[in-house]
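What follows is one structure encoded as structure tokens, with my remarks underneath.
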Protein chains: 4
Amino acid sequence: MSLNTFGHLFRFTTWGESHGPALGATVDGCPPGVTIDEAMLQQWLDKRRPGQNRNTTQRQEPDAVRILSGVYEGQTTGTPIQLMIENTDQRSRDYGEIARTFRPGHADITYHLKYGLRDPRGGGRSSARETAARVAAGGVARAVLGALVPGLEIKGYMVAMGEMELDRARFDWDAIDRNDFWLPDAAAAPAWEDYLQSLRKAHDSVGAVVEVVARGVPAGLGAPVYGKLDTDLAAAMMSINAVKGVEIGEGMAAARLTGSANADEIFMGENGPEYGSNHAGGILGGISTGQDVVVRFAVKPTSSILTPRRSITIDGQPIEVVTKGRHDPCVGIRAVPVAEAMMACVILDHLLLHRGQVGDGPRGRIG
Amino acid sequence: MSLNTFGHLFRFTTWGESHGPALGATVDGCPPGVTIDEAMLQQWLDKRRPGQNRNTTQRQEPDAVRILSGVYEGQTTGTPIQLMIENTDQRSRDYGEIARTFRPGHADITYHLKYGLRDPRGGGRSSARETAARVAAGGVARAVLGALVPGLEIKGYMVAMGEMELDRARFDWDAIDRNDFWLPDAAAAPAWEDYLQSLRKAHDSVGAVVEVVARGVPAGLGAPVYGKLDTDLAAAMMSINAVKGVEIGEGMAAARLTGSANADEIFMGENGPEYGSNHAGGILGGISTGQDVVVRFAVKPTSSILTPRRSITIDGQPIEVVTKGRHDPCVGIRAVPVAEAMMACVILDHLLLHRGQVGDGPRGRIG
Amino acid sequence: MSLNTFGHLFRFTTWGESHGPALGATVDGCPPGVTIDEAMLQQWLDKRRPGQNRNTTQRQEPDAVRILSGVYEGQTTGTPIQLMIENTDQRSRDYGEIARTFRPGHADITYHLKYGLRDPRGGGRSSARETAARVAAGGVARAVLGALVPGLEIKGYMVAMGEMELDRARFDWDAIDRNDFWLPDAAAAPAWEDYLQSLRKAHDSVGAVVEVVARGVPAGLGAPVYGKLDTDLAAAMMSINAVKGVEIGEGMAAARLTGSANADEIFMGENGPEYGSNHAGGILGGISTGQDVVVRFAVKPTSSILTPRRSITIDGQPIEVVTKGRHDPCVGIRAVPVAEAMMACVILDHLLLHRGQVGDGPRGRIG
Amino acid sequence: MSLNTFGHLFRFTTWGESHGPALGATVDGCPPGVTIDEAMLQQWLDKRRPGQNRNTTQRQEPDAVRILSGVYEGQTTGTPIQLMIENTDQRSRDYGEIARTFRPGHADITYHLKYGLRDPRGGGRSSARETAARVAAGGVARAVLGALVPGLEIKGYMVAMGEMELDRARFDWDAIDRNDFWLPDAAAAPAWEDYLQSLRKAHDSVGAVVEVVARGVPAGLGAPVYGKLDTDLAAAMMSINAVKGVEIGEGMAAARLTGSANADEIFMGENGPEYGSNHAGGILGGISTGQDVVVRFAVKPTSSILTPRRSITIDGQPIEVVTKGRHDPCVGIRAVPVAEAMMACVILDHLLLHRGQVGDGPRGRIG
């Protein structure tokens, strides 16, 4: 059913609510004999951790991950890996007043309609806090990929936020890790910060576009027709809170192109096929080409804002909702490490699937 | 694993190659006691069928669907339904010359790299012909939805094609079925046709954007966190050949909005909650709100064109590829009934999942 | 959901009713590049085919299997393989009289209670005829295993039928294929035949025990805790019509043993570990040891007999049921090739799973 | 893949090793609005808990279960329920000496061959300790069944242990909970205890047969052909440590019966069909009849005994293995609550599946 599970052979199930005692991920199908420890996972959680600068929520959570199973003397054993993150800074009282109210643009109302009840503390299961568990699972995937695919690199970065847009001409892969916005153009970061702070002061929030790139993905990963690499990447990204659109390669802009402009011409290189362009985003027919895999997605603006919005109570009475508490003015920023984690999980999953069905390495030869 | 299977409780597996003896869909999990016959399915296949006008491929296929199992005396029995479509107009010779060549922008090369061999006749498994099987499965889903959710309506239409764009001010739901482009603006169709024919004459093709809307979807369908309604819709659309981007509601444009502009305010109506807008596309937290469910996706231009493109052969030799044969100048047109079918399958699947986990109808009451 | 699907990575979905136009199996996840054709599959179907001698049903079905997809120029392509068997000798009139009656010991009543309707022609979906599709799928699995695991051999045989029991002291592996009862003791076959014919003349039927052995299964297949090799074998056998019990190795008799008697002692052989006995049936902790994998199951006597049994009609009226038509006096005989097919599918599935998660071959070394 | 996951719609994944910090079950698909708390689950864990009398292992574990997610103010919310049991009495030193040795009849060697390493502390993942997590998950299933199917009752009991066998003529349903062997014949318990203690003193162990009965299961649960109720029950029981055989109803003895003796005749009762016998064990064609569902399974004797057995080390050297530590002389005793838990999970799962595909209640009417 996979309703709270992601993946085929490398699978994880996340559990936990924003203000419950803990949350985590149950990872199944991890290959054995891979070196892993809590510190390796923690580096990715630290990247996502809230309260690190004034551009994200001020909630203070150490987000310390514990490995409860599946690892023995620093190596994966092939059995399920339980990753647990305890919640410490919960402040349930911030949320008590809206337990019987539905915030516009938020999952409050749909959880209520579906289940008849919900955990209102901090958004419960629908909180972006769930994504901490994904980042932990993604850390495991990264460790395995590091062992199986030397040279593979996965990086996410912001390309737009409200009125701000990345200048692609200034793209700098190495700059990404050097600013609070994961911008591949470090010089642009102060302007983005000013813009975001002005919105925050206006009691508002804003959306964003994030791009994730995987370099060094072997050719041949993915499978027709419903287990395509791009299908799973689209599902992976769309499953992240607040995501409203997903693109592969050229994305929505492909609609404007002609076939002659869109075709990525093929040449024979030293080590196999090379391509004149990458409109395809590294995927043809659902299977990786060996080029960079490029995924992009849009995150809607945070619904929890201080600007009053009209809504109703559980009794059907009209009410004006103002959401206090500590919220991200742009959830796109912290979505970056989450999307990287999902990308890592999808690629590892398809690597294992390929190995299972076909064997090691691409099967077809060219030249 | 679901690599060629789609769905959770209502599931279908498609099989078959473009120029093999037949293709079809094995549908599992269909509720019993639903009236269904081949004519009901055929109406949807006829909508997708090639060769009906000069805007689509000239391949002539009756696409006659046969029900081989799971239906007794005109009613579904709850057992697997096998839907088979025999191929008749195959002309394998059109494709023989490119069996050892990789068409740029096509899955030829990735199938070869992955599997070491491929069925080159008409694109084999990667052909858009596979979508005929989806339309048949979608016909079953529509019949069941008709029985379980009176008033539910699903319609797809084109909103953009290369330089052409729908004028939303002229949107007419009833016009959709009355022109070859499934345009909600019948008066615009001739201009779209002229544009497409000029591209065809220039030996080129073009991309498109398709939108699919489901009206009358009950609130409460979908599930956190990986079995979300929007996650499954994104996977459904991305799994269609040539799709490069998927949007829900506001889609990629959500990145430009502020939280105050994006929030769909909630009011109490006669029959439950109503909303001041539908930026969310009918889905919050992965669960349907009861509003229209709105999905949009971009289709890249057909790779198979008469304009020469540079590529390589299986021996690694350079070659200029010109794809003859009978191809759609814009695959977006025939993607419309396919996307409707996928939408129907996803909604039915989540309806059954909801019924299984929660029971009939929404569980929460408001007012 | 897998309600009509079996397997994880190597999966098949069967479809079709006893007297519908056709039945078959949709096989997904088959490795590419394996030589296969219809004749290879037909040999196994011929082994299961009815009407070949007087010990099985007299229904005449050629059971000719057609490959409709997934194979190109005699090799698997890695895409779904559709295997179809058309029904020819249906005689629906044999069954018309009991359409509104429930045969004791038969699925008539439970299908009716569950679904509200059923296809009564020949038992519809609950007919043992469904197992023809499994045998076809098993033929694919055997072909792949032949390519991947040289020397692997799978054989089923009868060990008991009513009062008849195999004399293990006379066990002869090579005799199995040389008598109508798949007995590893050819000299015993005439007595078994006399016994069965006397039951048939008495308008009765009888149960049986079948054993299936796989020789040459690599060590390391299977996985804790719910995807164990023995768990999947138990499910595989229990899913066959009329099966009421499944045993691995010592089976139910393990309950009578002490730990000191049951332990299979381990010794170091030329090529790795060897064992002093095989109480375990080749599986420890759900994972294969490298010894023979031994599964045994009991089949209940055919419910469709000429001896009158008391029952009720759909209206709740009492009735005496006498089942005419052409039925096997002992379904255990034809269950032999079916069980072999299921064994082949399970072993291949776990081989691919192992390759996916762990890589080729056992990972641990001894000595 | 479900390698460490069990179930379709009601699913749980267990995680954790015998001597790791904790173990548990991640339960997904639980219906919302069901009252549940830790005390309700604890009662079942207490039933399975070791060290309660001299017939089971002397390891002292409180087995206190904590609910970490999915329950709010005492009610299930429909989101994943994490159940965690911390390990307290681990004594790793008991096992250190055999870390490089393979115990005969134990999963040590197969884990090593498969994964290349294993957690040797207390058997790691292959320890029967994993079943504590199942009992916790089963407690959730029982709570839901209690809400959805009033009157449903599930009880397991021993029917054989080595030379001891239950006298069916003395069967007393109410006696089951009143003796340490879960015997439906309380007067027999002292003899069973004497027998077991004599084996223990002889440094040996013994196997057992356990039977589990579910009374009050609605008709219509289960589904052809691979998601049958009996298929899932067989998998459920076979997945329990040390189980070597599973029977439904008549079980292996069905092989000895004739069709006329085996048929359960049907009569019309006040409230629907009634049956003259229950050879079928409450399941026909994989679907429940409404009669008692009867499952039986054999557990092999504990491999960990003080009697020396010959084996090899990881270096391939011969060694005599004597397993000290605290082990159950008959694991069948503590398998009783585990099997009950699995039965509860399977029945709930099929209840939800039925509700999803067919709707509430049986669909067909009789009379």
field: Coil-residue GluC sites (Glu not before Pro) of the range A:257-362, DSSP, other Cβ within 10 Å capped at 15
entry: A:E270
Expected 222 nm ellipticity per residue - DSSP helices of 4 or more, -39500 (n - 2.57), all of chain C, to 500: -8000 deg cm²/dmol
- request: Determine, from the Cβ-Cβ distance of D:D46 and C:E38 and an R0 of 60 Å, the FRET efficiency 1/(1 + (r/R0)^6), rounded to the nearest 0.05.
  value: 0.50
field: Rounded to 10°, Cα long-axis angle of helix D:131-148 versus longest principal axis of chain D
entry: 20 degrees
query: Would you list C:Y226, D:Y115 from fewest to most Cβ contacts within 10 Å?
result: C:Y226, D:Y115
- line: About its Cα centre, the protein assembly as shown carries a charge dipole, from +1 on Lys and Arg Cβ atoms and -1 on Asp and Glu Cβ atoms, whose size in debye to the nearest 20 is 0 debye
Selection from C:G146, C:L199, C:M237 lying farthest towards where the dipole of the range C:133-249 points positive, charges on Cβ: C:G146
- prompt: Which GluC sites (Glu not before Pro) in the range B:120-212 pass both tests, a DSSP loop state and at most 16 other beta-carbon atoms within 10 Å?
  reply: B:E163
- request: Sequence neighbours fewer than 8 away in the same chain don't count; with that in mind, list the aspartates and glutamates whose C-alpha is under 17 Å from C:K244.
  value: C:E211, C:D230, C:D232, D:E211, D:D230, D:D232, D:E247, D:E250, D:D264, D:D292
message: Under a Cβ-only charge scheme (Lys and Arg +1, Asp and Glu -1), can you give me the dipole magnitude of chain A about the Cα centre, in debye to the nearest 20?
response: 1100 debye
message: Straight-line reach from D:K324: which aspartates and glutamates fall under 17 Å, measuring Cα to Cα and dropping same-chain residues less than 8 apart?
response: D:D89, D:D94, D:E97, D:D108, D:D204
message: List the pairs from A:K114/A:K228; A:K228/D:K114; B:K47/B:K300; C:K300/D:K300; A:K47/C:K228 whose alpha-carbon separation is above 27 Å, in the order I gave them.
response: A:K114/A:K228; A:K228/D:K114; A:K47/C:K228
- request: Would you kindly calculate the mean projected area, averaged across all directions, of the convex hull enclosing the Cα atoms of the range D:5-358, in square nanometres?
  value: 19.2 nm²
- request: Identify the trypsin sites (Lys or Arg not before Pro) of the range D:267-355 meeting these criteria: DSSP loop state and at most 15 other C-beta atoms within 10 Å of the C-beta.
  value: D:K324
- line: Going from the fewest other Cβ atoms within 10 Å to the most, one would list D:M164, A:M40, D:M342 as A:M40, D:M164, D:M342
- request: Taking a cut-off of 16 Å between Cα atoms, list the aspartates and glutamates near C:K201, but don't count ones fewer than 8 places away on the same chain.
  value: C:E193, C:D328
- request: Neighbouring Cβ atoms within 10 Å as the yardstick, rank D:H112, C:H203 fewest first.
  value: C:H203, D:H112
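Each reported figure results from applying straightforward, stated rules to the coordinates on display, with no laboratory input. The shown structure was predicted, so the numbers you read here are calculated from the model rather than taken from an experiment. So basically every Cβ, Gly included, is an ideal-geometry build from the backbone, and we count neighbours across all protein chains shown.
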